[in-house]
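Novice: Below is the structure I would like to discuss, written out as structure tokens.
The values are calculated or read from the model by the stated rules, or taken from the named source; none is laboratory data. Please read these numbers as outputs of a predicted model, since none were measured by experiment. Positions of Cβ are generated from backbone atoms using ideal geometry, with glycine treated the same way; all protein chains shown enter the neighbour counts.
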Amino acid sequence: MAAWELLGLGAKGWGAFLLVAAVTTLAVTATALAIGAVAGAAIAAAKLSGSVILRVIGHVYTTVFRGVPELLIIYLIYFGGSSGLTAVGAWLGYDGFLGLPSFAAGALAVGIISGAYQAEVFRGAFHAIPRGELEAAMAIGMSRRLRLRRIIVPQVLRFAIPGLGNVWQLSLKDSALVSVTGLVELMRASQIASGSTRQYFLFYIVGGALYLILTSLSDRVFNTAERRANRSMSASTIGGA
């Protein structure tokens, strides 16, 4: 069977299967980035706080989840979560195994890992804010919440965009590890297609090419977002002046 037929979108081709898997990869990565953004913001706030306990908690989180292999975290979340669900089910009177959904387990695991990196991105972005702006806001009596909404959050997001782009790329590649939970994302789809047709070289090359397409498109999205954020900030600065 010719390569173009194997990669076609028809009944005998694997093209549609691979495209759906690519969409699943994007969905896992996007969900993980959102989970990581929440966790990362909380951890960054903890590391920037005046509380020694919170700073220690933040330091432990970033050290552990940046130092432990990603695959181990995925296994712990997936099998540990399934064991926890089964225990809760038994407590409620259900006799049987309750598995954590593969998508949820994978997105949560990659999101927790992503949160450790995003925390450092947000912390670095906060330190990039000119101190004079915060001091001026305090001098005119601006409340802490107002400073957060008008000065800190907009500028942290602007400075964090390049770093978040790197975290997105890492999470996109980490999503390939989620295949160990049984989720059919791009890596798992490439394995299934190559194993079924014995065309290993073809489908692994196609899988790699699809990853490169996703990362290239992601780069363009984040570069565009960075340019627009800097342009809007420059325009607001000129307008304020």
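Novice: Could you tell me whether SER102 is crowded, with 16+ Cβ neighbours inside 10 Å and under 24 Å from GLN155 (Cα atoms)?
Specialist: The answer is no for SER102.
Novice: Among ARG198, ARG188, ARG231, which is the only one that is surrounded by fewer than 16 Cβ atoms within 10 Å (Cβ to Cβ), under 24 Å from GLY15 (Cβ atoms) and among the charged types (D, E, K, R)?
Specialist: One residue alone meets the criteria, ARG198.
Novice: With the structure loaded, tell me whether GLY89 is at pLDDT below 90 and in contact with a Ser or Thr (Cβ under 9 Å, 6 or more places away or on another chain) or whether it fails that test.
Specialist: no
Novice: Can you tell me which of THR31, THR25, THR62 is touching a residue at least 40 places away in the same chain (Cβ under 8 Å), surrounded by 20 or more Cβ atoms within 10 Å (Cβ to Cβ) and within 22 Å of THR215 (Cβ to Cβ)?
Specialist: THR25
Novice: Restricting to the stretch 127-148, count the residues that are part of a helix (DSSP H, G or I) and surrounded by fewer than 17 Cβ atoms within 10 Å (Cβ to Cβ).
Specialist: Residues in the stretch 127-148 being part of a helix (DSSP H, G or I) and surrounded by fewer than 17 Cβ atoms within 10 Å (Cβ to Cβ): 14 in total.
Novice: So in the stretch 11-22, with the set limited to residues that are without any contact (Cβ under 8 Å) to a residue 40 or more places away in the chain and not aliphatic (A, V, I, L, M), which one is surrounded by the fewest Cβ atoms within 10 Å (Cβ to Cβ)?
Specialist: LYS12
Novice: Just checking, does the stretch 150-165 include any residue being out of contact with any Leu (no Cβ under 6 Å at 6 or more places or on another chain), assigned to a helix (DSSP H, G or I) and more than 28 Å from ASP219 (Cβ to Cβ)?
Specialist: Checked the stretch 150-165: at least one residue is out of contact with any Leu (no Cβ under 6 Å at 6 or more places or on another chain), assigned to a helix (DSSP H, G or I) and more than 28 Å from ASP219 (Cβ to Cβ).
Novice: Where the second residue is surrounded by fewer than 11 Cβ atoms within 10 Å (Cβ to Cβ) and aromatic (Phe, Trp, Tyr) and the first is without any contact (Cβ under 8 Å) to a residue 60 or more places away in the chain and farther than 16 Å from ALA22 by Cβ and lies in the stretch 216-229, which pairs have Cβ atoms under 7 Å and are six or more apart or on separate chains?
Specialist: Between residues of the stretch 216-229 that are without any contact (Cβ under 8 Å) to a residue 60 or more places away in the chain and farther than 16 Å from ALA22 by Cβ and residues that are surrounded by fewer than 11 Cβ atoms within 10 Å (Cβ to Cβ) and aromatic (Phe, Trp, Tyr), there is no close pair.
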